[in-house]
């Protein structure tokens, strides 16, 4: 009689070691080998599924669905996405007993649900966009005030009226940079004359899309004000601005108290860390923090939320533990978690509740709730739940560098923690005797832990940071090792104490030593920047390389069976692809105001207006060029009152940037590429590529790479346009034509309502 077998219990927390051996394919004929490999893969999948790792792939699939939606060339129909999601769910239910088919179909359903969720978000946030650039009088209610250097502020306004724009076509929000506006508060009615434009598209093909980001935020126009905004009586403000006004007043009061106690850059950084007001930080400090790899300290995100909530949690728990009657009879750990959650909520509110802060708060709240229900607060399952909550609230957050970098760092750190906690340990040595030896060992472990944390988080986020910002931080590990103890032990805990003492007028007690920690952080950043020089410039990294390296991270973190070692394949492939990036030789911005051509020296020469400085900086960063916009400007010898002529490559190709149409008489005869503000004249047959405003309205920014195999030496232009998507200029124009067509139909059917339609 065969002995009874017991079903193996699934491991708890995903930390159990995989079985010592898995079936390996024996030396058999080819088809038998395939079957053996299939059986091994099925065993690996069953092992990971039994360990509860299958659920961890659900947020990954959801995020993939969101990314797939934005990668589509045309706007998909909502019903089609819903149909695919429902079909995959039904199919997964039908095959729920099959070990491979069920997870495959379940993940396919998660992909479809992610695409459907972001489609719903896009549908809900859709709002009118300004049709063209204009200078106009506008009035509206202030919704948000963001300080800038030089006494300026970036205002987010809910417009009430814009000269020349019908009420039905008013954007939901507009952003305007204005001087002398730092004293405004949410709910104030203002009037001004401003230069407004539709949100611009990407600066180059494959680059970050400001128009898409503005669309998702409900922003239909951006610009700057002429003169100071004037207070205007526009009636009662929208009710939702009243809480924002109260919070803004509290934040302003706290920020002023911080600056009074810590004058100069230290007070500005303290205001950024505690209330999210970064407008006064000197550019030199920000640049040093970026180059040194400490820029994450200035943006309120997961690090700050952990330090604030963690400080409150451990202090409150220690106070409760000091009372034996409470420590022995009451759930003081849960009580401390509740207090920490309240503190995190307060910090979220006074810090301005930026998107990154909201994401960090959700993650921290999930962890604290896990503590309340007596579940592990630090596990990949907790991270997965937090990611699903964040994406459910705002699916488009997947595209943001903050979302990607924060979750990449957390996933890598938690996976490393699980591996360290679940590894096989040998015989332990007895602890050292004596206080000095104990302290020395504790310090050694502390430094080693900090180094490991910085190294793991830095490696996990490096590909993403390189892709978004075209730069790295070669001394980031050393800078974080030197600066983060001051941030973790002095800066943030004392900042929390300063907020507690502020109502009593005693904030100076905590802010003075906090300033010492900030001074040390500045010194580390400046020294690391000086040592780095231009070594931080990486240039543009292909998206495929980043996706491969992220896939390697996810596979290594989630898989438990021996097939985890396969993560080395996408990692090596990503590193190989990262070295194959091609730099474009000609760039034209989406508005035609900036043009860059690579000359015989291999560097870009730029022709740009004053309002194209941001675009030029993005081009130079993507080209790993440390020069600023002024240094990259085309030599005066190449320009005159009619325009500029730039050499393209090392041959006889030239680019003509036309300022006045009369220059076309000569440029159409001699130039290889012409960039002009007017359509191509009938007799302009010489240029092999002619770019005008109508062309850019269809294509967006253009990039051209020289191709020696092509007859004319020019490769096919790559376009940044996303024609047919709601946030693209073409999509807006198409929507406008559809609305005009619908209005015309209504006028024909009901002539008496023609005035109303207009």
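The values are calculated or read from the model by the stated rules, or taken from the named source; none is laboratory data. Fair warning: this is a prediction, and the values are worked out from it, not measured in the lab. Ideal geometry is used to build each Cβ from the backbone, glycine not excepted, and the neighbour counts take in all protein chains shown.
Can you tell me which residues in the range 592-616 are more than 14 Å from residue 644 (Cα to Cα) and either surrounded by fewer than 19 Cβ atoms within 10 Å (Cβ to Cβ) or not assigned by TED's automatic domain parsing to the domain that holds residue 695 (or both)?
The answer is 600, 601, 602, 603, 610, 611, 613, 614.
Looking at this structure, is residue 186 under 30 Å from residue 507 (Cβ atoms), surrounded by 20 or more Cβ atoms within 10 Å (Cβ to Cβ) and touching a strand residue (DSSP E or B) at 6+ places or on another chain (Cβ under 7 Å)?
Against the criterion (under 30 Å from residue 507 (Cβ atoms), surrounded by 20 or more Cβ atoms within 10 Å (Cβ to Cβ) and touching a strand residue (DSSP E or B) at 6+ places or on another chain (Cβ under 7 Å)), residue 186 qualifies.
Name, by its number, the condition in (1) over 29 Å from residue 270 (Cα atoms); (2) touching a helix residue (DSSP H, G or I) at 6+ places or on another chain (Cβ under 7 Å) that does not hold for residue 185.
(1)
Based on this model, can you work out whether residue 647 counts as surrounded by 15 or more Cβ atoms within 10 Å (Cβ to Cβ), in a loop (DSSP other than H, G, I, E, B) and in the same structural domain as residue 612 (by TED's automatic domain parsing)?
No.
When you scan the range 253-275, how many residues do you find that are in contact (Cβ under 8 Å) with a residue 40 or more places away in the chain and farther than 22 Å from residue 523 by Cα?
3
Rundown of residues vs (1) free of Cβ contacts under 8 Å to residues at least 40 places away in the same chain; (2) within 30 Å of residue 243 (Cβ to Cβ); (3) exposed (fewer than 14 other Cβ atoms within 10 Å of the Cβ), yes/no style:
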residue: 86; (1), (2), (3): yes, no, no
residue: 113; (1), (2), (3): no, no, no
residue: 124; (1), (2), (3): yes, yes, yes
residue: 144; (1), (2), (3): no, yes, no
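Quick one: which residue in 339, 308, 297, 312 is in contact (Cβ under 8 Å) with a residue 60 or more places away in the chain and under 13 Å from residue 365 (Cα atoms)?
On inspection, the qualifying residue turns out to be 308.
Can you tell me which residues in the range 208-229 are closer than 19 Å to residue 696 by Cβ, surrounded by 20 or more Cβ atoms within 10 Å (Cβ to Cβ) and touching a residue at least 60 places away in the same chain (Cβ under 8 Å)?
209, 211, 212, 214, 215, 221
Select, from 339, 389, the only residue that is in a helix (DSSP H, G or I), over 28 Å from residue 252 (Cα atoms), assigned by TED's automatic domain parsing to the domain that holds residue 417 and at pLDDT 90 or above.
Every option except 389 fails the conditions.
Name the residue that is modelled with the highest pLDDT, counting only residues in the range 622-639 that are buried (at least 18 other Cβ atoms within 10 Å of the Cβ) and part of a helix (DSSP H, G or I).
Looking at the filtered set, the residue picked out is 622.
Starting from residues that are outside any helix (DSSP H, G or I) and over 29 Å from residue 698 (Cβ atoms), keep the ones in the range 29-87 and report whichever is nearest to the chain's Cα centre (by Cα).
53
Outside the structural domain of residue 64 (by TED's automatic domain parsing), in a helix (DSSP H, G or I) and buried (at least 20 other Cβ atoms within 10 Å of the Cβ): which single residue out of 489, 550, 500, 509 fits that description?
One residue alone meets the criteria, 550.
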